[in-house]
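Read through the structure below, which is laid out as structure tokens, and then see the notes.
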Amino acid sequence: MARKNPKNPDATRPLSCVLYIRVSTKLQVEKGESIDAQRFELTRYAEAHGMRVLGEYVDAGFSGKNVRGRPQFRQMLDDIIKEQPGRRPTYVLVFKLSRFGRNAADTWNSLQMLQDYGVELCCVKDGIDSATTMGKAMLSIAAVFAEMDKEWVGRRWFNDDSIGRAVEGAVAEHVARFIALVVADSPIPGGKAA
């Protein structure tokens with residue numbers, strides 16, 4: 001199912017993307033969000049939507065709390081800025097919004113920079129596409145929840161690590177359920193039509 005170019009629905013130029021992959025903890029690898037697992041899902045999504053993958057950027061072991069601490073994320077943004085307009089990717093694909101960033105202000109600033117250069121963001125697992133009106137709304141909500149989740153994880157309310165992981169998982173599960181409820185009736189890729 002090939003997607004239409006969000007900037008020019010009648011364009012004959014094929015859609016293209018770059019992949020951004022990030023893991024910050026061993027727990028993420030254990031939960032099935034390893035670099036290879038993210039790469040597999042993003043590549044599969046790109047193929048299913050007729051997107052040519054132009055490259056990938058991987059930050060292994062870096063927190064998403066800010067842009068400064070992620071060298072490959074900064075490189076991706078720099079490469080997009082320096083690339084000729086006709087050669088820029090149409091999309092940046094990420095596994096989940098939390099992989100793109102866990103700071104709402106940084107997420108919005110980075111997204112605005114991408115869009116200033118004609119590039120959209122697609123969060124595959126979350127079903128969020130910044131090229132759509134609903135996607136833009138969902139990004140603002142999800143960015144706040146991603147930051148909230150980061151703060152919960154950072155506080156380590158419990159000394160017992162297994163309890164801390166349970167709390168982290170509960171927050172992530174509630175965020176995912178909220179997004180799924182909103183996305184269920186939207187035309188966002190990955191959302192289910194009513």
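Couple of notes before you dig in:
- Residues of the stretch 63-74 classified as part of a loop (DSSP other than H, G, I, E, B) and touching a Phe, Trp or Tyr at 6+ places or on another chain (Cβ under 8 Å), total: 4
- Number of the exception - F73 against (1) modelled with pLDDT of 90 or more; (2) open to solvent by 30 Å² or more (accessible area, probe 1.4 Å): (2)
- Residue satisfying condition, being farther than 27 Å from T25 by Cα, of a type in the set (D, E, K, R) and surrounded by fewer than 23 Cβ atoms within 10 Å (Cβ to Cβ), within set D59, D116, D106: D116
- Test: residue in the stretch 43-52 that is at pLDDT 90 or above, in a strand (DSSP E or B), open to solvent by 40 Å² or more (accessible area, probe 1.4 Å) and of a type outside the set (F, W, Y): yes
- Qualifying residue in the stretch 19-30 (condition: closer than 21 Å to G127 by Cα, assigned to a helix (DSSP H, G or I) and modelled with pLDDT of 70 or more): yes
- Test set (1) open to solvent by 10 Å² or more (accessible area, probe 1.4 Å); (2) more than 14 Å from the chain's Cα centre (by Cα); (3) modelled with pLDDT of 95 or more - R87 fails condition number: (3)
- Qualifying position, being open to solvent by less than 70 Å² (accessible area, probe 1.4 Å) and either modelled with pLDDT of 90 or more or not aromatic (F, W, Y) (or both), among D36, D79: D79
- Of the residues making up the stretch 90-103, just one is open to solvent by 10 Å² or more (accessible area, probe 1.4 Å), basic (K, R) and under 23 Å from G50 (Cβ atoms), namely K96.
The values are calculated or read from the model by the stated rules, or taken from the named source; none is laboratory data. Everything numeric here is computed off the predicted structure, so don't read it as measured data. Virtual Cβ from ideal backbone geometry, glycine too; neighbours counted across all protein chains shown. Heavy atoms of the whole protein, side chains included, go into the accessibility calculation; ligands, DNA and RNA do not. Shrake-Rupley method; radii C 1.70, N 1.55, O 1.52, S 1.80 Å.
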